[in-house]
Amino acid sequence: MKRISIWSIFILSVIILVSCSKDNPVAPPDTASDDSAINNLLTVSVYTDTTSFINDNTTEPYGKSDYAKADTFPSGVMFARRITAVTRSVSIVYDSSNSVATATISLGFTGQFFVDNDGDTIKDPYVRDISDQGTRKVWLRKVNGIWRIWGVSPLEIVSSDHSVTIDSIQVLGCVNGPITILPIEMSTTRLRENLPIFEPGVTATVNVWSHSVSDSTWPFLHRWVYRLLYRRHIREPLYREPGYFTRSWGVSDSILVFPAVRHAAMDVISGSCLFGDSSAVYSARAWCLPYIVKSPTDSLP
């Protein structure tokens with residue numbers, strides 16, 4: 001009887017342990033607070049500014065005749081892009097230790113594209129509907145309990161027809177350059193120290209290679225000039241070179257405090273969208289590139 005009792009107790013203990021393991025599995029890490037912290041960071045960080053950098057914010061087409069020389073965009077064609085609504089969602093994937101995360105920011109842009117290309121003095125633009133999708137990847141690490149941005153991808157904005165392709169962009173003038181950005185980087189992240197880094201007062205240059213299967217492509221540079229109480233949007237056509245387009249600007253003309261993070265958008269638009277009649281559709285692709293301006297003794301922002 002004594003042996004039976006011992007074996008009975010042993011078997012009963014095993015049953016209880018097995019039952020407990022089935023009814024009380026190990027709970028996965030609670031990421032709700034991490035989701036909230038990361039979303040807050042993505043909303044305020046200068047690295048992930050989701051302003052529509054290609055938004056002219058007007059319904060009145062315009063051009064820049066002083067820039068429209070023989071080797072750049074025709075001065076008789078004026079256009080404007082107006083974004084009227086932006087949707088935003090964020091998905092986050094964590095590693096097994098819950099200390100590294102990759103966030104994907106997805107944006108939807110709707111609006112209209114106005115182009116006046118008939119060469120007369122009457123303001124009668126063609127209007128083309130915009131329904132763009134934007135994506136940016138962000139790599140984050142948790143340091144001492146605080147999430148920090150460690151790397152970002154360009155923000156890529158694409159029209160619904162996907163007919164315009166940016167083959168590559170080369171960035172010159174940065175201390176860690178030249179830097180070449182390829183389409184594969186739209187789905188990966190570039191560490192902060194590998195973003196283009198400029199010293200104050202230097203000249204930045206971008207070279208753009210783009211194409212469309214059955215159309216011409218025309219790149220434009222969008223950037224912001226910052227002043228004490230406001231910032232001003234600037235859109236400039238790139239100059240034509242054999243096989244590519246190029247444009248330069250002074251990186252310190254929009255900086256108030258160093259170090260700083262700024263963004264330049266390479267906006268490539270199809271020729272039919274710019275030069276076509278009412279039957280043409282809106283077709284474009286943009287890469288919005290973050291870059292850093294700092295002195296050699298400054299730390300990364």
Nearest-ten-degree value, helix 2-23 long axis tilted from longest Cα axis of the chain: 10
With Cα atoms, 0 to 90° folded angle of helix 32-44 axis to the chain main axis: 20
Cα→Cβ-extended label distance, 7 Å offset, between GLN133 and SER187, nm: 1.3
Order of VAL257, VAL90, VAL152, VAL127 - criterion: other Cβ atoms within 10 Å of each residue's Cβ, fewest first: VAL257, VAL127, VAL90, VAL152
Neighbour-count order for LYS142, LYS137, LYS123, fewest beta carbons within 10 angstrom listed first: LYS123, LYS142, LYS137
Protection proxy ranking of 221-233, 47-59, 282-294 - average other beta-carbon atoms within 10 Å, highest first: 282-294, 47-59, 221-233
Inter-probe distance in nm under a simple model that places probes 7 Å from Cα toward Cβ, at SER299 and THR50: 2.9
Among SER216, SER248, SER278, residue whose mean-square fluctuation peaks in a GNM of the chain (springs only between Cα atoms under 10 Å): SER278
Approximate spin-label separation SER216-SER99, in nm, with each point projected 7 Å along Cα-to-Cβ: 5.6
Correct option for semi-axes √(5λ) of the Cα gyration tensor in Å [calculated from the coordinates] among [x] 32, 21, 18; [y] 32, 26, 24; [z] 50, 24, 16: [z]
Test item: Cα-centred dipole of the range 176-264, Lys/Arg +1 and Asp/Glu -1 on Cβ, debye: 360
Helix-only mean residue ellipticity at 222 nm for the chain, each DSSP H run of n ≥ 4 adding -39500 (n - 2.57), per residue, nearest 500: -4000 deg cm²/dmol
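Bear in mind that the values in this text are calculations on the coordinates, not laboratory data. Here the structure is a predicted model, which means the values were calculated and not measured. With ideal geometry, Cβ positions are generated from the backbone for all residues, glycine too; neighbour counts draw on all protein chains shown.
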